[in-house]
Amino acid sequence: MTQLSRVLVANRGEIALRVIRGVQALGLEAVAVYSEVDAGSLAVQAADHAVPIGAPPPGESYLDIEKVIAAARATGADGIHPGYGFLSENADFAQAVAEAGITFLGPTPESIRLMGDKTQAGDQARASGVPTVPAFTPSPEATVAEISAAAEKLGTPLMIKAAAGGGGKGMRIARDLAEVPEMVEAAQREAQTAFGDARVFLERYIERARHVEIQVVGDGKGGALTLGARDCSLQRRHQKLIEESPVPAVPAAVIQDMETAASNLVQQTQYRGAGTVEFILETRDGDSGHAFFFLEMNTRLQVEHPVTELVQGVDLVALQVAIARGESWDPDLEQRSPSGHAIEVRVYAENPGVGFLPSIGTLTEVVWPQGPGIRVDAGVASGDEVTLYYDPLLAKIISYGVDRDQAIARMRRALAETFIAGVETSLEFCREILDSTAFRSSQMYTTLIEDELSDWAPREDTDAWQSAAIEAALHLTAGGPVGGGPPKLPTAWESLRDWRHDS
Amino acid sequence: MSQAPRVEQRDGALWVTLPNEEPFRVLSWRAPRLVLERGNVIKSFLIAPSADGESVWVSHEGRTRQHERPGRSRASGVAAAVAGHEDLSSPMPGKILQVLVAEGQQVEAGQRLVVVEAMKMENALRAPHDSTVTKIHFAEGDTVAAGDCIVELDATE
């Protein structure tokens, strides 16, 4: 068994704190690394040791492989946990950690490379019997007959996309096979003009898609454990907002098939550690037609892992430690079925009323919800500064109940108790999604938010009570906060519309 | 009676009076929890000031709104140290992309003076009032740190 007694967490914010708590609960020590603006963070406060690693920009701190490994050496850490994002799916990092003689709490560099390459990952999935989205690339000399024959095999609706670009250029949707040859020609012309590259490919278009993912753990020797499924369909520009487990309104047999497919992938690649296999699930009218296709595999712990932990009764960080030590999981886990229902709401420092622009400022007050069935994984507390350097995820609020209705009711209560002063957040927007008919009846799909909620704005109504509270607040806080912070973006500044927003 | 809202101490409690409304009583205030009472109905709010003291955040049942403090200058980031003179400084680190005016130039309120790139965003610095540009401390391509004064203006009539 591999020795592991002190784990460096190469991350920040809520996930660093969650991993630190996880390893400490196992009796291990935790080492935090921090950039200049994170010195006072919750994660650093919780750690046993902490090493400064540079200026706030990630490239000068959290993404600097040499600095992270140097920090591990300086503190005698024998393990490194990468969290999610940052270096977690950087094969060179995993390699460097191994070469430094430190245990990496994650997969092998080979697995990271394999699943990080979309083409290779797709090839591996198909080789493991996992279906991928049917696609076809016509050669430039392909005849109309050849294209039509290929299209018929793929089935409709079909998306015709430019190979070279994005942004919707050269993209068309054919609902009828007869439309295909002409659309391909038009798309090729458009692609040539827009990108100088006429190549297009055809792909089955999955309408009203649900994003369903399977939590897996591999022992690195071909052994695989699946720990249920999560639904992450509620997304905005591919950024997940609300997740839940188990997956509502999908037949158990379909989920079972997905778990089998994911398990095959883990076994055949001898995957080591925790990971998630993501699928796109097609839902046609009613519940017939639940075809699913492999999207990608994430070779790390995911943001939404708490919903799995609550319904499966597991600690995924503890499992990662066990695998890293060369141990295996409790065989009991292989038989376990999910119990109850969990929902997670991500709290982003974004302004949904203004195009979800990032919101920055000093958090003069933070109140998190408490009570039965409520778990909060928060990276920030009162007094913390929210900057533009990092991803705007402040925290996750997770509710658990005996069934979906109770989880929803508990989440509504929790959101009503939550208060964040200093930045705009996505909380109210998420509350409206939870109240929506689509969510209540489990009719979510991946473009729901863009289709139906793209022009959402917070309500303007103010009643007498609200006005009175504002007057009282102005009076009672006239002295201002103790030791304020730097001013928010002053009105002399006008942000031009050229936002480049990482999603 | 005055039409303006007022908050006053009376009979050992704090009362909030709005025009044409029965007054509300502050039942309790333990930061950040404020409880108002009227006619045996109580509602609780969570409140906190902003870091710069220019606004308050008020939340009820999870709906949070920010409210400007009336009568305070909205031009934070503008230090009016000397009458009519203003220093416009950068709130965050960035790079000067464009300098649109020259020293000695007369500018109008709202006119763009400088464009700064910070965190993948472009921000234009505007003149708060009709003024003359007295000093420009940076040139195109320069890096600015948070708090650096970029442009000094003297207000004109």
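The values are calculated or read from the model by the stated rules, or taken from the named source; none is laboratory data. Given the structure is predicted, the values throughout are model-derived calculations rather than measurements. Ideal geometry is used to build each Cβ from the backbone, glycine not excepted, and the neighbour counts take in all protein chains shown. These area figures cover heavy atoms from the full protein model, side chains too; ligands, DNA and RNA do not enter into them. Shrake-Rupley method; radii C 1.70, N 1.55, O 1.52, S 1.80 Å.
Give the residues of the stretch B:95-129 whose amide nitrogen is closer than 15 Å to a point set 7 Å from the Cα of B:GLU68 in the direction of its Cβ. So the set is B:110, B:128-129. What is the calculated FRET efficiency for A:ASP463 to A:ARG21, with r their C-beta to C-beta distance and R₀ = 56 Å, to the nearest 0.05? Efficiency, rounded to the nearest 0.05: 0.85. Placing pseudo-labels 7 Å out from each Cα toward the beta carbon at B:GLU61 and A:VAL376 gives an inter-label distance of 2.1 nm. Annotation note: GluC sites (Glu not before Pro) in the stretch A:126-225 located in DSSP loop regions with a Cβ neighbour count of at most 10 within 10 Å are A:GLU141. Burial annotation for the stretch B:35-57: residues with an accessible-area loss of at least 30 Å² between the isolated chain and the complete set of protein chains, computed on heavy atoms with a 1.4 Å probe, are B:LEU36, B:LYS43, B:PHE45, B:LEU46, B:ILE47, B:ALA48, B:PRO49, B:ALA51, B:ASP52, B:VAL56, B:TRP57. Taking other residues whose beta carbon is less than 10 angstrom from the beta carbon of A:THR226, and scoring Lys, Arg as +1 and Asp, Glu as -1, yields -2.
Taking every DSSP helix (H) stretch of at least 4 residues in chain A, weighting each as -39,500 (n - 2.57) and dividing the sum by the residue count yields a mean residue ellipticity at 222 nm of -9500 deg cm²/dmol. Comparing the full protein assembly with the isolated chain (1.4 Å probe, heavy atoms, ligands and nucleic acids excluded), the residues of the stretch B:2-28 losing at least 20 square angstrom of accessible area are B:PRO5, B:VAL7, B:LEU14, B:VAL16, B:LEU18, B:PHE24.
Spread over its residues, the convex hull of the C-alpha atoms of the stretch A:37-192 is 182 Å³ per residue. Which residues in the stretch A:1-26 place their backbone N less than 20 Å from a point set 7 Å from the Cα of A:ASP332 along the Cα-to-Cβ direction? Answer for the stretch A:1-26: A:25-26. Both chains summed, the buried accessible area for A and B stands near 5600 Å², from protein heavy atoms and a 1.4 Å probe.
Protein heavy-atom accessible surface, 1.4 Å probe, per residue over the stretch A:116-203: 55 Å².
Applied to the stretch B:130-137, the Karplus parametrisation 6.51 cos²θ - 1.76 cosθ + 1.60 on θ = phi - 60° returns per-residue 3J(HN,Hα) values of 4, 8, 10, 6, 8, 8, 10, 8 Hz, with x for Gly and Pro. With R₀ fixed at 60 Å, the C-beta to C-beta distance from B:THR132 to A:SER436 puts the FRET efficiency at about 0.65.
Note on chain A: lysine pairs with Cα distance below 23 Å, sequence gap of 8 or more or different chains, count 7.
Accessible surface for the stretch A:337-450, divided over its residues, is 33 Å² per residue with a 1.4 Å probe. Stretched out straight at 0.36 nm per residue, the stretch from A:ARG412 to A:GLU66 would grow longer than its current Cα-Cα span by 120.1 nm. Label-to-label distance, A:ASP92 versus A:GLU207, with points set 7 angstrom from Cα along the beta-carbon direction: 4.5 nm. Ligands, DNA and RNA left out, the accessible area of the stretch A:271-377 computed with a 1.4 Å probe is 46% carbon and sulfur.
Accessible surface of the stretch A:64-168, 1.4 Å probe: 52 percent of it comes from carbon and sulfur atoms. The simple Förster model, with R0 at 22 Å and r as the Cβ-Cβ distance, assigns A:ALA318 and A:GLN3 a FRET efficiency of 0.85. Within the protein assembly as shown, the proportion of Cα pairs with more than 33 Å between them is 57 percent.
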